[in-house]
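What follows is calculated from the coordinates using simple rules that are stated; it is not laboratory data. The shown structure was predicted, so the numbers you read here are calculated from the model rather than taken from an experiment. Cβ placement follows ideal geometry from the backbone for every residue including glycine, while neighbour counts extend to all protein chains displayed.
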Amino acid sequence: MSEILSVTITAASREEAEMMARVLVTERLAACVNILLGVKSVYRWQDKVEEAEETMLIVKTTAGKFEPLLKRVKEMHSYECPCIVASPIVAGDKRYLDWVREVIG
């Protein structure tokens, strides 16, 4: 089941997150995208500790679609260095995971 990935992406705004989610699903790079509003991020950037309100996307895709997804998100994203990280899904509901594979094609 590790061929299914959960990809976490942070975005600068709800609007940016919704736009990326629609594109990823429309282009079949993602089966589903969850959008979490009001994420508080604390991070180091250019040797300073920064804080920002962000929107988080949790994207369900396959390992085979990760590189095209990564490329597409970078084309759309407003950040110079966006957070785009993937984790394998090692277990889950079989019907859901089969649906992800089917939708992605």
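See the values below:
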item	result
Selection count where residues are closer than 25 Å to Asp93 by Cβ and either among the hydroxyl-bearing types (Ser, Thr, Tyr) or touching a Lys or Arg at 6+ places or on another chain (Cβ under 8 Å) (or both), scope the stretch 29-64	8
Residue ID - nearest to the chain's Cα centre (by Cα), chosen from residues in the stretch 76-98 that are within 18 Å of Val25 (Cα to Cα) and assigned to a helix (DSSP H, G or I)	Met76
Breaking point among (1) surrounded by 13 or more Cβ atoms within 10 Å (Cβ to Cβ); (2) β-branched (Val, Ile, Thr); (3) assigned to a strand (DSSP E or B), for Val42	(1)
Subset of the stretch 46-75 that is over 12 Å from the mean Cα position of the chain (by Cα) and among the hydrophobic types (A, V, I, L, M, F, W, C) - its residue that is farthest from Met19 (Cα to Cα)	Val49
Filter result for Arg101 (of a type in the set (D, E, K, R), surrounded by fewer than 12 Cβ atoms within 10 Å (Cβ to Cβ) and not in a strand (DSSP E or B))	no
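Table: residues versus (1) under 19 Å from Thr61 (Cβ atoms); (2) touching a Phe, Trp or Tyr at 6+ places or on another chain (Cβ under 7 Å); (3) among the β-branched types (Val, Ile, Thr); (4) surrounded by fewer than 14 Cβ atoms within 10 Å (Cβ to Cβ).
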{"residue": "Ser6", "(1), (2), (3), (4)": "yes, no, no, no"}
{"residue": "Thr10", "(1), (2), (3), (4)": "yes, no, yes, no"}
{"residue": "Met20", "(1), (2), (3), (4)": "yes, no, no, no"}
{"residue": "Leu24", "(1), (2), (3), (4)": "yes, no, no, no"}
{"residue": "Asn34", "(1), (2), (3), (4)": "yes, no, no, yes"}
{"residue": "Leu37", "(1), (2), (3), (4)": "no, no, no, yes"}
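Residue-by-condition table, conditions (1) assigned to a helix (DSSP H, G or I); (2) in contact (Cβ under 8 Å) with a residue 24 or more places away in the chain; (3) touching a helix residue (DSSP H, G or I) at 6+ places or on another chain (Cβ under 8 Å); (4) among the charged types (D, E, K, R):
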residue	(1), (2), (3), (4)
Ser6	no, yes, no, no
Thr10	no, yes, no, no
Glu15	yes, no, no, yes
Ala21	yes, yes, no, no
Ala30	no, yes, yes, no
Glu51	no, no, no, yes
Thr55	no, yes, yes, no
